[in-house]
């Protein structure tokens, strides 16, 4: 089997005005869809965070990809490593999301090749990752502080896809009561059995109050997580972390660097999770040396694909780390890939993150993937088990062309609301 | 696909009187062949070190294996973990070989299931391990001190399979000149481009002299290794290790324990390899903490299978360890499995060990696997690419029944030559 074509399609999907440490989500989030075609008529799909840098990095390896054997990931990956500039793999940056393009190129090709392999062999991708240990993969409710508003093209009309959750999705949530109302609507709609709040927006006292309000509203059995996206100093993390002992399932990235996280971990009786201080295989020796976290949040887009995420899971098993999953905005191809990974990972110890409820559009046939009882059922059919809806893809690509956004940058969006607002790597 | 039958066949193969730290090889070595049959008519093969303990451990899980899906290794492995007694996974023991049965059960089932998967999908096992990075897998010449003699049934007649190497295989090698002659014959026959001497037999001065004689005979470009099987004290290892600086490619297990190896490593400018101080995933945190070795010698029989060996390879990449492979006596099924692993491992940095030239019988169709230019070409055909020769298997099983050996124990064999000889964990 040989790859004969590689198509790269940037798309934009509507996204509400969600607040985070870097500012405010724009009305549209960017994704890039990668399609591989083979000489035996198969199509393999993948999806990565969008933007001109990733798109250019993908286009730059097209002539390496075309002609390669999708059954031989090790060889393709070695060829890609020679083509991708090493400096694009060094630093993830200070933002809540990961700025490296190299690992995203690996991820796109690994996922698309696994989709092809699954289709060639007639088995799900999870089988190719070593076997399905769970058919239903648990996700967490992912709460955001937000301004009132729907985002995307919904600004220009009513939502034709309205559900019981739609009103709450469009409502403001700027204080503990708003956060609890959002959580209740999201849990009612999707049945989530874990809740995460994206923090790093308001001063720690208010965000801790929101977590206590969630505890009050949902009771002791609902696992809760807070993610200040490393905006707290070590001192602040220790002070407020102690107030969250016994409240949270885990505290995600309260502060920056492995040394900083390790200092917090020694002082606070609360598991710490990360997708900011230990974010690549190069970081693992430092993680072991410092003892910087209890849980590593893999994200196959940033760890270099599903095979790499399975390697990370093995590392977590050996070195006593829990493993869960980080998420950015995404569509159904990535949701399927995340679900196959969750289905195959023996030591998955926490419900996975997903932004999926915040979107309402879809680019795969059959429309939105169902979340029921807080879980997604592994898609049936070979490979990832999803196919492109060509008309929906064309619409999402047209939205990309029209919306004018070419790289994610939440700071100018925030400045429209708060003139002069600036991102700070450590705010409190 | 479901497994419907599991067959366990102990076999014995002729083995010459090879000397090692534990004593003397018996005239026959034991292996156990595992066959899985499926409801769609496929057969999956595996081979593990033999003996009544492993055979009993395999028989004890038969009812767990039968009915399982060979495409779902994660689930089968979790079920096996519940059935195998944990104490069988704790200690590998002080002998040069590994005494744990649990990992050998995992290994047998992982390999046989991968063989089934490859046959079901029509691809080599190496493809299922992530892709073939080399079609020709390099092995090292594995030298032994030995008494004159052929071993096995050859004691009762001439060798019907005689090759250019046969006379040297039957000759004594008890001093540096004998070792060099053995090496020259083995390299001439098989084209090996690396040489290892099994040490721990004579006092260090003599074994170091043998390595210097090999250097003299083969020149500076031939990589050389010595394996005293941890019979040296730290002090002895430092003293003789220093004399081997610039002579060896690596020194394998000069001494016991991760702490001991780390002490030698700090004092001697020579890479250290191990299959004795870091031998399981549970040992990896200690290896990182102590810095006990430069190279980990995987052996899929003792690390729990081919998937596990690939996990170990990823760990070695992340923590700056080289990776190569340990070997015991084996037949063609294991040789094929080792070769698939070597073909798929991106970071294989050294030629693999194999005892294969010391045997002359075979249990697979087509007879002996060819070693040419020091390498084995990845078998063609799906799965492992080897099939059982039923008549040869029956003969090897009959030899097992007849030879009376039920567990490997080199000490009484040695006592036949040297009355009162006792194994010592640290001899020099």
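I'd like to know how segment B:16-63 sits against the 2.2 N^0.38 Å rule of thumb: what's its Cα Rg over that expected value? Present the calculation step by step, with values, prior to reporting the outcome.
Details: Rg = 15.1 Å, N = 48, 2.2 N^0.38 = 9.6 Å.
Expressed relative to 2.2 N^0.38 Å, the Cα Rg reads 1.57.
By Cβ position, which chain A residue lies least far from the axis that rotates chain A onto chain B, and what is the distance to the nearest whole angstrom?
Residue with the nearest Cβ, plus whole-Å distance, for chain A: A:121, 2.
If we hang a label 7 Å off Cα along the beta carbon direction at residue B:135, how far is it from the matching labels on the other copies, in nm, shortest first?
Nearest to farthest, the other copies are at 4.3 nm.
For segment B:51-122 and segment B:394-413, what is the centre-to-centre distance using only Cα atoms, to the nearest Å?
22 Å
Taking a label point 7 Å out from Cα toward Cβ, give me the nm distances from residue B:212 to the same spot in the other copies, shortest first, one decimal.
Once sorted, the set of distances for residue B:212 reads 7.7 nm.
For chain B, what does the helix formula give at 222 nm: sum of -39500 (n - 2.57) over DSSP H segments with n ≥ 4, over the residue count, nearest 500 deg cm²/dmol? Mind showing how you got there, number by number?
Working: 16 runs with 162 residues, N = 428.
Value at 222 nm, helices only, nearest 500: -11000 deg cm²/dmol.
What are the principal axis extents of the Cα atoms in segment B:1-80, in Å, biggest first?
So the extents along the principal axes, rounded to whole Å, are 45, 25, 17.
Could you run the Debye sum over the Cα atoms of segment A:1-152, one equal point scatterer each and no solvent, and tell me log10 of I(q)/I(0) at q = 0.09, 0.12, 0.21 Å⁻¹, two decimals?
Log10 of I(q)/I(0), two decimals: -0.36, -0.62, -1.27.
Rg to Rh for segment A:155-278: what is it, with Cα atoms only and Rh by Kirkwood? Working shown, then result.
Values: Rg = 15.7 Å, Rh = 15.3 Å.
Radius of gyration relative to Kirkwood radius: 1.03.
Treating only the Cα positions of chain B as identical point scatterers, give the base-10 log of I(q)/I(0) from the Debye formula at each q in 0.07, 0.13 Å⁻¹.
With one equal scatterer per Cα and no solvent, log10 I(q)/I(0) is -0.30, -1.15.
Nearest-5 percent of antiparallel DSSP beta bridges in chain B? Intermediate values should be presented prior to the final figure.
Details: 27 of 48 bridges.
The antiparallel proportion sits near 55 percent.
Among bridges DSSP assigns within the protein assembly as shown, what percent are antiparallel (round to 5)?
On the way: 54 of 96 bridges.
If we restrict to bridges inside the protein assembly as shown, about 55 percent are antiparallel.
Can you sort A:405, B:364 by how many other beta carbons sit within 10 Å, fewest first? Please list the in-between numbers first.
On the way: A:405 20, B:364 23.
Least crowded to most crowded, the residues run A:405, B:364.
Note the angle between two axes, namely the Cα long axis of helix A:102-121 and the longest principal axis of the Cα atoms of chain A, as a number of degrees from 0 to 90, rounded to the nearest 10.
With both axes taken from Cα atoms, the answer is about 60 degrees.
Rg (Å, one decimal) plus Dmax (Å, integer) for the alpha carbons of the protein assembly as shown?
Spelled out, the Cα radius of gyration and Dmax of the protein assembly as shown are 29.5, 96 Å.
Averaged over every viewing direction, what's the projected area of the C-alpha convex hull for segment A:296-357? Give it in nm², one decimal, please.
Numbers: hull surface 14.9 nm².
So the mean shadow area of the Cα hull is 3.7 nm².
Using the number of other C-beta atoms within 10 angstrom as an exposure proxy, rank A:280, A:334 with the fewest first.
So the residues, fewest neighbours to most, are A:280, A:334.
Please label the shape of segment A:362-428 as rounded, prolate or oblate, based on the square roots a ≥ b ≥ c of the eigenvalues of the alpha-carbon gyration tensor (a/c under 1.5 means rounded; beyond that, a/b larger than b/c means prolate, else oblate).
Values: a/c = 3.49, a/b = 1.75, b/c = 1.99.
Oblate, since a/c reaches 1.5 and b/c is not below a/b.
State the extension gain, in nm to one decimal, for the chain segment bounded by residue B:5 and residue B:82, taking 0.36 nm per residue of separation less the distance between their alpha-carbons. Please list the in-between numbers first.
Details: separation 77, 0.36 × 77 = 27.72 nm, distance 2.05 nm.
Result for the pair: 25.7 nm of gain on full extension.
Hey, got the average number of other protein chain Cβ atoms within 10 angstrom for residues in A:65-74?
Details: counts 0, 0, 0, 0, 3, 1, 8, 7, 6, 14.
Across the residues of A:65-74, the mean count of other-chain Cβ atoms within 10 Å is 4.
At 7 Å along Cα-to-Cβ for each site, give me the label-to-label distance between residue A:423 and residue A:91 in nm.
The modelled label-to-label distance comes out at 1.2 nm.
Which of A:63, B:153, B:110 comes first, and how do the rest follow, when ranked by fewest Cβ neighbours within 10 Å? If you can, show how the numbers build up before the last one.
Details: A:63 10, B:153 19, B:110 25.
Sorted ascending by nearby Cβ count, the order is A:63, B:153, B:110.
Please compute one quarter of the surface area of the Cα convex hull for segment A:284-428 and express it in square nanometres. Please list the in-between numbers first.
Values: hull surface 47.4 nm².
Orientation-averaged projected area of the Cα hull: 11.9 nm².
How large is log10 I(q)/I(0) at q = 0.13, 0.14, 0.19, 0.21 Å⁻¹ when the Debye formula is applied to the Cα atoms of segment B:68-211, each weighted equally and without solvent?
-0.92, -0.98, -1.07, -1.13
Given the convex hull of the Cα atoms of segment B:178-235, what is a quarter of its surface area in nm²?
Values: hull surface 16.7 nm².
Mean orientational projected area (segment B:178-235, Cα hull): 4.2 nm².
Every number here is computed from the coordinates shown, using simple stated rules; none is lab data. As the structure is a prediction and not an experimental result, all values here were calculated from the model. Heads up, the Cβs are rebuilt from the backbone with ideal geometry, glycines too, and the neighbour counts pull from every protein chain shown.
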